[in-house]
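**Student:** Have a look at the structure that comes next, please.
The values are calculated or read from the model by the stated rules, or taken from the named source; none is laboratory data. Everything quoted here is computed from the prediction, not taken from an experiment. Every residue, glycine among them, receives a Cβ derived from its backbone with ideal geometry; neighbour counts consider all protein chains shown.
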Amino acid sequence: MEGLNLCCDIYHRDVKTARLEIVDGKLKKYEVYTDNRMKTLFPEGTTETNIKAILQGRVICPQRCDEGMLASMGLKEYNAYDILRATHAVNDDDFIWMKFDGEDISWKDVRVRV
């Protein structure tokens, strides 16, 4: 995810818990709005390297991502950043997700389980 540009709010269900901004691959801003560590992706003070690693962990690995999966996300080729945006970093193990600047969506639009 080199040269990454990412500006988003991090949510737990429909509650905004943090703000993340990465510009040209460098952490510009990370603010946490909750005391509950389980409701955000990274604890306050997390390093840029750890944030990028955690984001990468929320993207399906290339070995498991076939043409059908890419097509379902509207993609033609594997790109970790595009997959992160398409999936909103949703994981079926928790209720945390990313809402990118300019989007008008909610938890019900991105959740993978009911």
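**Student:** Output the qualifying pairs, or none if there are none: Cβ atoms under 6 angstrom, residues six or more apart or on different chains, first residue in segment 81-109 and in a loop (DSSP other than H, G, I, E, B), second residue aliphatic (A, V, I, L, M).
**Tutor:** So the pair list comes out as 88/98; 88/110; 89/98; 90/110; 90/112; 92/112.
**Student:** From the set of residues in segment 81-114 that are touching a Leu at 6+ places or on another chain (Cβ under 8 Å) and not acidic (Asp, Glu), which is surrounded by the fewest Cβ atoms within 10 Å (Cβ to Cβ)?
**Tutor:** Ranking the candidates gives 100 first.
**Student:** Scanning segment 1-56 for residues that are in a loop (DSSP other than H, G, I, E, B) and among the hydrophobic types (A, V, I, L, M, F, W, C), which turns out nearest to residue 79 (Cα to Cα)?
**Tutor:** 1
**Student:** Give the residues of segment 28-41 that are surrounded by 18 or more Cβ atoms within 10 Å (Cβ to Cβ) and either in contact with a Leu (Cβ under 9 Å, 6 or more places away or on another chain) or small (Gly, Ala, Ser) (or both), sorted by residue number.
**Tutor:** Hits for segment 28-41 are 30, 41.
**Student:** Filter segment 75-114 down to the residues that are in contact with a strand residue (DSSP E or B) (Cβ under 9 Å, 6 or more places away or on another chain) and among the polar types (S, T, N, Q), then identify the one that is modelled with the lowest pLDDT.
**Tutor:** Selected residue: 91.
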